[in-house]
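To keep things clear, I will list the structure first and then write my remarks on it.
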Amino acid sequence: MQQFDNASAGDIVLSIADRIIENRAYLSEIDGKIGDGDHGVNMAKGFGMAAERIRGNDMSLATAFDTLGTVLMTEIGGSMGPLYGVMFTQFAETIEKSSSIDARTFSAMLTSGLDGIQAIGSAKVGDKTLLDTLVPAIEAFDGANADGKPFPEALDALVVAAEKGRDGTKDLVARIGRASRLGERSLGVLDAGATSCALILKALALGAKEKLQQSATASD
Amino acid sequence: MQQFDNASAGDIVLSIADRIIENRAYLSEIDGKIGDGDHGVNMAKGFGMAAERIRGNDMSLATAFDTLGTVLMTEIGGSMGPLYGVMFTQFAETIEKSSSIDARTFSAMLTSGLDGIQAIGSAKVGDKTLLDTLVPAIEAFDGANADGKPFPEALDALVVAAEKGRDGTKDLVARIGRASRLGERSLGVLDAGATSCALILKALALGAKEKLQQSATASD
Amino acid sequence: MKKFLNSVDTVLTESLDGFVAAHADILVLGDEHKFVRRKVLKPGKVALISGGGSGHEPLHGGLVGHGMLDAACPGQVFTSPTPNQMLAAVEAVNTGAGCLFIVKNYEGDVMNFDMAAEMSEGVVQMVTNDDVAVENSSYTTGRRGVAGTLVVEKIVGAAAEQGMALKPLKALGERVNGATRSMGVALTSCTVPAAGKPTFDIGDGEMEFGVGIHGEPGRRRDTLKSADAIAEEICLAILGDLGDRAKGPALLFINGFGGTPLMELYLMYNSARNIFENNGVTVTRSLVGSYVTSLDMAGCSITLTMLDDETTALWDAPVHTAALRWGM
Amino acid sequence: MKKFLNSVDTVLTESLDGFVAAHADILVLGDEHKFVRRKVLKPGKVALISGGGSGHEPLHGGLVGHGMLDAACPGQVFTSPTPNQMLAAVEAVNTGAGCLFIVKNYEGDVMNFDMAAEMSEGVVQMVTNDDVAVENSSYTTGRRGVAGTLVVEKIVGAAAEQGMALKPLKALGERVNGATRSMGVALTSCTVPAAGKPTFDIGDGEMEFGVGIHGEPGRRRDTLKSADAIAEEICLAILGDLGDRAKGPALLFINGFGGTPLMELYLMYNSARNIFENNGVTVTRSLVGSYVTSLDMAGCSITLTMLDDETTALWDAPVHTAALRWGM
Ligand SMILES: Nc1ncnc2c1ncn2[C@@H]1O[C@H](COP(=O)(O)OP(=O)(O)O)[C@@H](O)[C@H]1O
Ligand SMILES: Nc1ncnc2c1ncn2[C@@H]1O[C@H](COP(=O)(O)OP(=O)(O)O)[C@@H](O)[C@H]1O
Ligand SMILES: [Mg+2]
Ligand SMILES: [Mg+2]
Ligand SMILES: [Mg+2]
Ligand SMILES: [Mg+2]
């Protein structure tokens, strides 16, 4: 069965942070269109702080997620502090006990992250938030697993669905967050959180695929 | 002897006001370079208000000057309110008793205006103020009279000297008013008051020449 | 970006250091800049805590002191503070009679204050949502909390100072919030220091009608109108939303967004007051100034709070904070 | 030009109408908007009158009230008021103990106040000239009067309230003025409503060092520096000019020019305070806010007034005006 070691996989979080930091200006620009223009700033600050604490410390994926989640939750504030904070904290809790991560653990991890977000925010799919990326991404991943697809292929499906979900937010009227006060004026622009969520999921999926490949090579 | 009637000559003041109002933006722009950018605004307001009171009222030149001087002094404020206010009030007082105005009366009028300005302000020639227009203009007018030149020619000399004086302020370092705090930075730009003074003197001289011509034609 | 700063990373902490140093007679700074609190607490008094993203100065730190807040938690610019900050503030100012969190209605603020409230005891929350810029909607988020928050904090603060208990304080705050309506207009964008450029583009002859205090878009982009026309649309929106309640004594609050000088704010006050008084409202109390700002944005908001004898007396009660002071 | 106004010709009168309506508890407007005066006069007290061009709000109208001015005469924007206005103000507030004119050192103001003083009886004048932006010079005009004028008005106002006579008041005012130094810096130009466009052009990365409160050029145009570097140059100029006197207790006043938010002013305060305190000055009193503005200009000035026991007590004395209020 395809799986990768939890231990030392914390560098996946570093590559997630890199993607977020690279897209700092872009994410703020999107947020500026229908929000307050700080999404990239907040995200880059939180992920950057977490990366500093993770880098060079040979962390497990669980520990790295926990570090990231805690930084977001306790030092960032805003909407993303609690929402992504709880997501990554839940990720960490779910995989904490697993020495290696297979598709089932991965799915459980994503799902508990989603549950965490929904427990503190009241957004639903279609409200033009990061859920419009996250929910279809998890569904695609689980669907691919149910169809018996290999773990890496399920990860590809996850990325495709995440990006499709993100793009779909263009056609949505925001029903939550700052943009919800704009009514029809929120049409035609991407949601900032949906965009950062797609970046996170893609970096996570690519990181996991790389680890799977390394395990496969190692066990050859 | 060349002279023109004081009565009904108040329209000269209207043409002075027209020139000032036309140059509103220009005068403010010059003032903005080394002052606070309001010279045209203040001048146009005061001369405009006076013109409204003069227009259609068939005033003598003395009455029109008095109207203008009083408006400037009592309703405009700033530096120009008192300075030009006293100048025009003095003009009015000097010619009040003269039914017609010859070159001698005209010279006495200018001189008493200058005295008035110097009584309330402490500027001297060379300080980069309107005195650098007014003083040489009066000197040129008096010089032409002393040389036995006809009144209209003396008026031409006055205008030439006024404009030369105005242009000369470019090469002066301001020693009074807001610009005096700039030291060498006040070099290379015209003085706003010197510029408005040249406009006033030219309009006054042209108006007087026209009146002289009309009297000459009438007495033919 | 043209601002007085040394580094975008330290704008907030340097500014807070200066703020507390300038008002050291009444204020103390919490560890790690987590909160600003009153220097002298009043044991047995319910503690009022507010906070939110920075960039709205003097809100909320400038409203800490006798007769208003006990502590304020400053987040990063336009970003809610963290639950950690609120927990530290609770610990510092709760003298046993409980705490009331006064929270402006933004997703981020609400979630963070919620988390802090859940983690502590004796804490009750209330949310302000006075902005009528955007029509009432079926969306769950509801209206934004804007300048009216100051009015809530003043009136509830006075009642707390007089010894009112936690539950009635919350009820009073909700009553004042319910009697308050606001709406703003921007002539220029604000510039978030960390972003380094204006949040939105706006043309020379344009205004953003109904703008939020974080530069969020409002009702619509429009051509710049006269002060009277702007005031009229805002006042009529406020009156329309208040409906039958828009009668009798009221507080009129003209709030500058940071880049608009007093001369213009008083001109807007003049215009708004005339409109309200022509529509059955009697302006009995007034506040004009930049109190709930949006960094350096040029613009202003109009807030109307309908008053009764109780709330009028509480508005008049002594207050001594960095930004509001009277009666002491 | 982006401003809240109806017509450039009525900006001033509409704004004054709003101002006096918002503060009708303490202020009364003179006929034809000639002056703003205290509602209740104190017979036998020396009357303090100031004034100058408008555009510096809340100076001077916002400083009329108990413990400060008795009347203020507002000129057109950046233009001295007329002798008529001052005469009307004298008539309205002189209760027999005489009047002190407090005049900022500008040609226009000095000439107009001079004329009014000559036309009235029992009037004495004093001139403020605290701006050290431009080096001492042999020019006759001398230094500009800027934000330090507020400090003079507060301290002299308190002494007048306590019954000090005309001559000692003038001497006190001159002593405070002599202990006060200021200097400003602009990040953007102001826009005079009647001009409709910025007074001066300034590049994105530039500042005008030593700018006047009417947008007059200062020491030099320079590239925009860090807050610390700006504060350092200003503070050192102030300290250098004070020489040996720059020791001991002082009031530090950070003044915004109208377009700069409090967050930045407190940051500048933090920086300036550190510099002064490292140089032998002890900051015992502070004021931070936009009090002596230049319309919508972004920028600020730093003012330092060396204090003694008498002037400290007078600064602390109760004051109740639209812009400054404490102790009552
Ligand atoms: N309740 C919620 N559930 C999920 N996502 C949310 C919720 N509220 C807001 N968001 C997301 O937050 C994003 C904005 O994040 P950010 O700009 O960092 O915070 P803020 O709005 O406080 O400035 C939105 O684009 C949206 O995707
Ligand atoms: N004492 C004085 N005598 C003569 N002219 C003066 C004096 N002081 C100032 N001026 C003139 O005033 C002009 C500025 O006028 P204006 O801009 O209307 O007034 P302000 O400087 O008050 O804004 C200067 O250009 C200068 O020519
Ligand atoms: Mg945002
Ligand atoms: Mg000028
Ligand atoms: Mg935000
Ligand atoms: Mg002027």
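Would you list, by chain and number, the aspartates and glutamates whose Cα falls below 13 Å from the Cα of A:LYS128, excluding same-chain residues fewer than 8 positions away?
A:ASP31, A:ASP167, A:ASP171, A:GLU184, A:ASP191
Among the residues of region C:11-39, which ones have their accessible area go down by 50 Å² or more when all the protein chains sit together, as opposed to their chain alone (1.4 Å probe)?
Correct list: C:SER15, C:ALA22.
With the radius of gyration and the Kirkwood radius both derived from the Cα set of region D:180-306, what is their ratio Rg to Rh?
0.98
Just from its helices, what would the mean residue ellipticity at 222 nm be for chain B, if runs of 4 or more DSSP H residues each count -39500 (n - 2.57) and the sum is divided by every residue, rounded to the nearest 500 deg cm²/dmol?
-22000 deg cm²/dmol
Determine the sum of side-chain charges near D:TYR291: Lys and Arg each +1, Asp and Glu each -1, restricted to other residues whose C-beta is under 11 angstrom from that of D:TYR291.
In short, -1.
Excluding C:HIS33 itself, what net charge comes from residues whose Cβ is under 11 Å from its Cβ, given Lys and Arg +1 and Asp and Glu -1?
That sum, taken over residues with Cβ under 11 Å, equals -3.
With a 1.4 Å probe, how much accessible area is buried between chains B and D, both sides summed, in Å² to the nearest hundred?
Chain pair B/D: roughly 2700 Å² of buried accessible area.
Among D:GLY65, A:VAL159, D:ALA229, whose Cα sits farthest toward the positive end of the charge dipole of the protein assembly as shown (+1 at Cβ of Lys/Arg, -1 at Cβ of Asp/Glu, about the Cα centre)?
Projecting each Cα onto the dipole axis, the largest value belongs to D:GLY65.
Is there a quick way to get the dipole size of region B:3-211? I mean about its Cα centre, with the Cβ of Lys and Arg at +1 and of Asp and Glu at -1; what is the value in debye to the nearest 20?
Dipole magnitude for region B:3-211 comes out near 420 debye.
Farthest toward the dipole's positive end in the protein assembly as shown, which of D:THR303, A:GLY183, D:GLY122, given Cβ charges of +1 (Lys, Arg) and -1 (Asp, Glu) about the Cα centre?
Result: D:GLY122.
Out of residues 5 or more away from C:SER290 or on other chains, whose amide H comes under 5 Å of its own, with H placed 1.01 Å from N in the peptide plane?
For C:SER290, the qualifying residues are C:GLY256.
Measuring from centroid to centroid over Cα atoms, what is the spacing of region A:180-211 and region C:230-265 in Å?
For region A:180-211 versus region C:230-265, the Cα centre distance is 39 Å.
Rounded to the nearest 500 deg cm²/dmol, what is the calculated helix-only ellipticity per residue at 222 nm for chain D, with -39500 (n - 2.57) per DSSP H run of length n ≥ 4?
One gets -10000 deg cm²/dmol as the mean residue ellipticity at 222 nm.
Step through the residues of region D:125-131 one at a time and calculate ³J(HN,Hα) from phi using the Karplus curve (6.51 cos²θ - 1.76 cosθ + 1.60, θ = phi - 60°), rounding each to whole Hz and writing x for Gly and Pro.
3J(HN,Hα) across region D:125-131, in whole Hz: 10, 9, 10, 9, 8, 8, 7.
Taking the Cβ-Cβ separation of C:THR223 and A:THR217 as r and a Förster radius of 51 Å, what is the calculated FRET efficiency to the nearest 0.05?
Working from the Cβ atoms, E equals 0.20.
Using the Cα atoms of chain C, I'd like the radius of gyration and the largest Cα-Cα distance, Dmax, both in angstrom.
In Å, with Rg to one decimal and Dmax whole: 18.6, 55.
What residues have an amide H closer than 5 Å to that of C:HIS66, excluding those fewer than 5 places away on the same chain, when H is modeled at 1.01 Å from N in the peptide plane?
Here the answer is C:HIS320, since their amide H atoms fall under 5 Å of that of C:HIS66.
If the only charges are +1 at each Lys and Arg Cβ and -1 at each Asp and Glu Cβ, what is the size of the charge dipole of chain D around the Cα centre, to the nearest 20 debye?
Its charge dipole is roughly 440 debye.
Would you mind getting me the FRET efficiency between B:ASP115 and C:ASP31? Use the beta-carbon distance for r and R0 = 60 Å, nearest 0.05.
The formula returns an efficiency of 0.25 here.
Expressed as a rounded percentage, what relative contact order does chain C have, with Cα pairs under 8 Å and six or more residues apart?
18 percent
Please report the relative contact order for region C:180-312, taking Cα pairs under 8 Å with a sequence separation of at least 6, and give it as a percent rounded to a whole number.
It rounds to 34 percent for region C:180-312.
Provide the packing ranking of A:192-198, A:172-178, B:6-12, i.e. peptides ordered by the mean count of other C-beta atoms within 10 Å per residue, highest first.
A:192-198, A:172-178, B:6-12
May I ask for the Rg/Rh ratio of the protein assembly as shown, computed from Cα atoms with Rh as the Kirkwood radius, given to two decimals?
That ratio equals 1.06.
Please compute the modelled spin-label separation between C:ASN278 and B:ASN57, points set 7 Å along Cα→Cβ, answer in nm with one decimal.
The two pseudo-label positions are separated by 3.4 nm.
What does the charge count near A:ASP5 come to, summing +1 for each Lys or Arg and -1 for each Asp or Glu among other residues with Cβ under 13 Å from its Cβ?
Residues near A:ASP5 contribute -3 overall.
Quick one: putting +1 on the C-beta of Lys and Arg, -1 on the C-beta of Asp and Glu, what dipole do you get for region A:1-113 around its Cα centre, in Debye to the nearest 20?
The calculation lands at about 100 debye.
Total Å² of accessible surface buried at the D-C contact, 1.4 Å probe, nearest 100?
4500 Å²
Label 7 Å along Cα→Cβ of C:THR312; region C:236-268 residues with amide nitrogen under 12 Å?
Once the point is set 7 Å along Cα→Cβ of C:THR312, C:248-251 turn out to lie under 12 Å by backbone N, inside region C:236-268.
Could you do me a favour and compute the accessible area per residue for chain D, 1.4 Å probe, result in Å²?
31 Å²
Counting only protein heavy atoms, probe 1.4 Å: which residues of region C:271-298 lose 10 Å² or more of accessible surface in the full assembly compared with their chain by itself?
By number: C:ARG273, C:SER286, C:LEU295, C:ASP296.
Provide the per residue accessible area, probe 1.4 Å, for region B:3-211, rounded to a whole number of square angstrom.
37 Å²
Give the long-range amide H neighbours of C:LEU307: residues separated by 5 or more places, or on another chain, with amide H under 5 Å away, using H modelled in the peptide plane at 1.01 Å from N.
Here the answer is C:ALA250, C:LEU251, since their amide H atoms fall under 5 Å of that of C:LEU307.
Quote the relative contact order of region B:3-211 in percent (integer), defining contacts as alpha-carbon pairs under 8 Å separated by 6+ residues.
Value for region B:3-211: 23 percent.
Please report the antiparallel percentage of DSSP beta bridges with both residues in the protein assembly as shown, rounded to the nearest 5.
55 percent
Quick one: length gained pulling D:MET119 to D:THR13 fully straight, 0.36 nm per residue minus the C-alpha distance?
Fully extending the segment from D:MET119 to D:THR13 adds 35.5 nm.
Pop out the carbon and sulfur fraction of the accessible area of region D:11-178 as a percent, whole number, probe 1.4 Å.
51 percent
Do any residues of region C:175-210 lose at least 30 Å² of accessible area when the full set of protein chains is present rather than just their chain alone, and if so which, with a 1.4 Å probe?
Listed by number, the residues meeting the 30 Å² cut-off are C:LEU187, C:ALA194, C:THR199.
The values are calculated or read from the model by the stated rules, or taken from the named source; none is laboratory data. As the structure is a computational prediction, the values presented were derived from the model and not from experiment. Note that we place each Cβ from the backbone using ideal geometry, even for glycine, and neighbour counts take in every protein chain shown. Keep in mind that these areas ignore ligands, DNA and RNA; they rest on the heavy atoms of the full protein, side chains included. Shrake-Rupley method; radii C 1.70, N 1.55, O 1.52, S 1.80 Å.
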